[in-house]
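Participant: Right, I'll just put the structure down here and ask away after.
The values are calculated or read from the model by the stated rules, or taken from the named source; none is laboratory data. Keep in mind that this is a model prediction, so the values were computed, not measured. Because the Cβ atoms are built from the backbone with ideal geometry, glycine has one as well, and the counts that use them run over all protein chains shown.
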Amino acid sequence: MKKILIFILIGLGNYWIWRIFETSLILGLSCIIASVGLSNYLINNKRYLLILSSALLVIIGLFQIKKFDIRSFTGTSALERDFIDKRMRLYPSPRVAHWLEQRPEAIAFYRFTDNSGEVLDFNYYFFANHPRERAAVTEYAKFPWFYLPPFLGGLYLSLKQKRNLKFHLLFMFAVVVTAAVYPNEPVGFVLVFPFVVSLSAYSVNNYVK
Amino acid sequence: MLNKLSVSVLLIFCAFLFFWRLDKVPPGFYIDESLHSYNALSILETGKDEYGKGFPVLFRFFGSYNEPLYVYLTTISIWLFGETIFAARLISALAGVLSTILIYFFMLKVTKNRTTSVIVGLLGAMSPWLLLYSRTGFEVSLAFFLFLLGLFTFYLGTKKPKYIAISFWLFSFSTYAAYTERFVSPLLALLLIFIFKEYLFRKENRKYLLLGTSGALLIQIPHLFLVSTPAFFPKGDLFSLGGFIARYIYYFSPEALFFKGDPDLQRSVPEMAVFPFWLVIPYFVGWYFCFKKRFSNLSKLIIASALISPLPAALTSDPFATHRAMPLLAPLLLVIGIGVNKIFEILKPFLGVFLFLLIFMVSALLLWRSFFVLLPGERSFYWGQQYVELAKLIKQDHQNLYLIDQGRLKIAYATIAYIADIDPLIFQQPQSLEIEENYYSAFPYNPSYSFANVELRSLDWETDIYKNQIIVGDNISISQEQAREHFLKKEFEITDPLGEVLLSGFKTSPKSKCESIKYENTHCKGVK
């Protein structure tokens, strides 16, 4: 009973899930069920829970990927091209400049690392991206700020147990996919949602025990 | 022998990284740098600062009342190398090198692993956070070195209590290096006394604690004389409580540390954060092991210093002020060092070294790109390169009067005075006697200056065009239409490496202007 109440409080007691439900009922339900699966996996370590959650994460991922355009990684606007041309003039060697500034691989790499930073930012999830709010984006706190300690606590407790390695690999994979796809608001980095909820719930459950 | 080899490798690497083209990268000469160096020159030649105050405890500058240590040490480098940008930045660079060596010894003490200690030392040197401020001619890097030394000696003191006294003296001394340490060092010292109270208050250790705290208080006597003056807390207007928790947490956010960095274009390096991006992995690993062994002396020291260090910076409205949060670099480097060490323990030694070499080469390439190519090319405006070039022109031209617009543009007087070799005695003369007598009373700052053949103030279009002089400003200060209307002749343009015009100098033509005026104008009476 306690576990259910804790999960309801964390899983539904945040603004994010309701924005997800507003966008798509299926997406919202997938997030909730995946969160339940991962929460229980952390407690019981049952393989089928991980498989179920992974399948739901694939559904969530498909929602994000369908809006993804690969050209967003390597495409450049006229302004960006002008900026790159200016940068090229600063290098002592045009060949080096070309490899570091103009190559699609280099552009994709820089954008991917930028996106990764945003996905890993605590403030995005707990403080409405303050103090680095993005221009032309209506930011909102995905979770209340006081969920941050339980989340970090859950991360620490789960890392202490080697049996959770697959969970963490899945988490890292979700982060990488999110950084690659970079979904827009209001849904945002929804692939990360189940992990934040499950780790927070895990931590609170441990504390209550 | 191996120890000497490791230190030699680090020293050679750091000497190159911190000293190569020190006067060119960062480009220009930022106002904070020129304030320190010009006041150092003034102290060296006259025993007084720019306002004529003899050996001040806090330097007034433009009302910021900075700590004095960097200025006094810079007198030595200026005495050795002359009035150059290199001399102005030398003390910082030396502090950076020493900090890197100290990081090596700290990690060696913690891990007993020479390989990972050298690696962490190299990573510390390559971190833009340390590298940028070590190549900048103001106090941040020096203060960081003293703070790190205080932490290291405290850690040594957890085994040999005599070092506790030294650590408190160092913490106290660091408050004379930078404004941030004035708050962080005493707060940290108090917290450490609380955390380690059982150890510190043991019968055999009490004398060292007493020695340390009394020595620290003695060192603070000059400060205590000023604590009741406005000069001691000049930055109160920066404080902002709203959003404090978010800003505080942001100092630990992977985005800020490894991907985005400081949003201020003068305090950051293009396309790099304060640490190379891949260090995010050792960062998480390091924090995990830090919490796992949270009752160890090292973890307690790291957690305490990490909690206290960002407080002053987070209390200001700046989203991520790296210069104010510089003490935080120490615990974060230790955390990353622990993470690197653990990763090396997991990987086979050969694989670990191979992987590190591969990542090191990529990091070095990206660092070279950001620091030595993009920074001098794109950020010269923010570092005041235009005023360095202008000062060189003024230095060669004693015939003309120069009026430099300061209505919107960054303060430039100290850069002009330093680069153009303005005699400090000449500079001090026009300063108000009232300021000298009420030096620590935070007299309102007057941004107008007049010395030698230079004047810096807002342009007055009603009078300035009727005097024979060269008016200097950007393209908003003096537009093409204004130049045409007032018969101003363009004398020079100062551009950045990308060809963007930063400043233009226009010669006035009072005679032509007066001839064009049909009505009687009092300003034209003396014009022939």
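Participant: Among the residues of the range B:466-475, is there at least one that is of a type in the set (A, V, I, L, M, F, W, C) and either modelled with pLDDT under 95 or in a loop (DSSP other than H, G, I, E, B) (or both)?
Facilitator: No, the range B:466-475 has no match at all.
Participant: Out of all the residues in the range A:124-173, which are farther than 22 Å from residue B:314 by Cα, of a type in the set (A, V, I, L, M, F, W, C), in a helix (DSSP H, G or I) and over 18 Å from the mean Cα position of the chain (by Cα)?
Facilitator: Listed by number, the residues that qualify are A:157, A:159, A:165.
Participant: With the structure loaded, tell me whether residue B:493 is touching a residue at least 60 places away in the same chain (Cβ under 8 Å) and of a type outside the set (Gly, Ala, Ser) or whether it fails that test.
Facilitator: Answer is no for this residue.
Participant: Taking the conditions exactly as written (closer than 30 Å to residue B:454 by Cβ, within 14 Å of chain A (Cβ to nearest Cβ) and touching a residue at least 60 places away in the same chain (Cβ under 8 Å)), does residue B:375 satisfy them or not?
Facilitator: Yes: the conditions hold for residue B:375.
Participant: For the range B:61-83, indicate whether the set of residues that are farther than 30 Å from residue B:232 by Cβ and among the charged types (D, E, K, R) is non-empty.
Facilitator: yes
Participant: Tell me which residues, restricted to the range B:227-268, are in a helix (DSSP H, G or I), away from chain A (no Cβ under 14 Å) and buried (at least 16 other Cβ atoms within 10 Å of the Cβ).
Facilitator: B:231, B:232
Participant: Could you pull out every one of the helices (runs of 4 or more DSSP H) wholly within the range B:372-439 that has 1 or more residues that are among the hydroxyl-bearing types (Ser, Thr, Tyr)?
Facilitator: B:385-396, B:413-419
Participant: Separate question: Tell me, yes or no, whether the range B:196-214 has at least one residue that is touching a helix residue (DSSP H, G or I) at 6+ places or on another chain (Cβ under 9 Å) and under 22 Å from residue B:142 (Cβ atoms).
Facilitator: yes
Table: residues versus (1) surrounded by 19 or more Cβ atoms within 10 Å (Cβ to Cβ); (2) of a type in the set (Lys, Arg); (3) within 11 Å of chain A (Cβ to nearest Cβ); (4) out of contact with any strand residue (DSSP E or B) (no Cβ under 9 Å at 6 or more places or on another chain).
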position: B:287; (1), (2), (3), (4): yes, no, yes, yes
position: B:297; (1), (2), (3), (4): no, no, no, yes
position: B:340; (1), (2), (3), (4): yes, no, no, yes
position: B:346; (1), (2), (3), (4): no, no, no, yes
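Participant: While we're on this one: Within the range A:113-123, does at least one residue satisfy the condition of being outside any helix (DSSP H, G or I) and within 8 Å of chain B (Cβ to nearest Cβ)?
Facilitator: Taking every residue of the range A:113-123 in turn, at least one turns out to be outside any helix (DSSP H, G or I) and within 8 Å of chain B (Cβ to nearest Cβ).
Participant: Looking at the range A:81-112, which of its residues are facing chain B (nearest Cβ under 9 Å) and closer than 17 Å to residue B:366 by Cβ?
Facilitator: Those that are facing chain B (nearest Cβ under 9 Å) and closer than 17 Å to residue B:366 by Cβ: A:87, A:90, A:91, A:92, A:96, A:97, A:100, A:101, A:110.
Participant: Output the residues belonging to the range B:301-321 that are crowded, with 22+ Cβ neighbours inside 10 Å and either under 18 Å from residue B:233 (Cβ atoms) or among the basic types (Lys, Arg) (or both).
Facilitator: B:312, B:313, B:314, B:321
Participant: Quick one: in the range B:1-40, of everything that is outside any helix (DSSP H, G or I) and without any contact (Cβ under 8 Å) to a residue 24 or more places away in the chain, which residue is surrounded by the most Cβ atoms within 10 Å (Cβ to Cβ)?
Facilitator: Only one residue tops the list, namely B:20.
Participant: When you go through B:466, B:449, B:445, B:439 one by one, which is the residue that is hydroxyl-bearing (Ser, Thr, Tyr) and under 20 Å from residue B:390 (Cα atoms)?
Facilitator: B:449
Participant: Please return the ranges of helices (runs of 4 or more DSSP H) entirely within the range A:1-99 where 3 or more residues are over 30 Å from residue B:369 (Cα atoms).
Facilitator: Answer list for the range A:1-99: A:2-12, A:15-23, A:25-44, A:47-65.
Participant: Could I ask something else about it? Could you check the range A:143-163 and list, in sequence order, the residues that are more than 10 Å from every other protein chain (Cβ to nearest Cβ), buried (at least 19 other Cβ atoms within 10 Å of the Cβ) and under 22 Å from residue A:54 (Cβ atoms)?
Facilitator: Result: A:151, A:154, A:158.
Participant: Another question, if that's okay. Right, residue B:357: closer than 30 Å to residue A:100 by Cα, over 24 Å from the mean Cα position of the chain (by Cα) and either within 14 Å of another protein chain (Cβ to nearest Cβ) or assigned to a helix (DSSP H, G or I) (or both) or not?
Facilitator: For residue B:357, the condition - closer than 30 Å to residue A:100 by Cα, over 24 Å from the mean Cα position of the chain (by Cα) and either within 14 Å of another protein chain (Cβ to nearest Cβ) or assigned to a helix (DSSP H, G or I) (or both) - is met.
Participant: Looking for whichever is within 22 Å of residue B:110 (Cα to Cα) and at pLDDT 95 or above here; the options are B:328, B:401, B:375. Which one fits?
Facilitator: B:328
Participant: Now for a different question. I need the full set of residues from the range B:449-478 which are surrounded by 12 or more Cβ atoms within 10 Å (Cβ to Cβ) and of a type in the set (S, T, N, Q), in order please.
Facilitator: Those that are surrounded by 12 or more Cβ atoms within 10 Å (Cβ to Cβ) and of a type in the set (S, T, N, Q): B:450, B:453, B:458, B:468, B:469, B:475, B:477.
Participant: Moving on to the next point. Mind checking whether some residue in the range B:292-310 is free of Cβ contacts under 8 Å to residues at least 12 places away in the same chain and in a helix (DSSP H, G or I)?
Facilitator: yes
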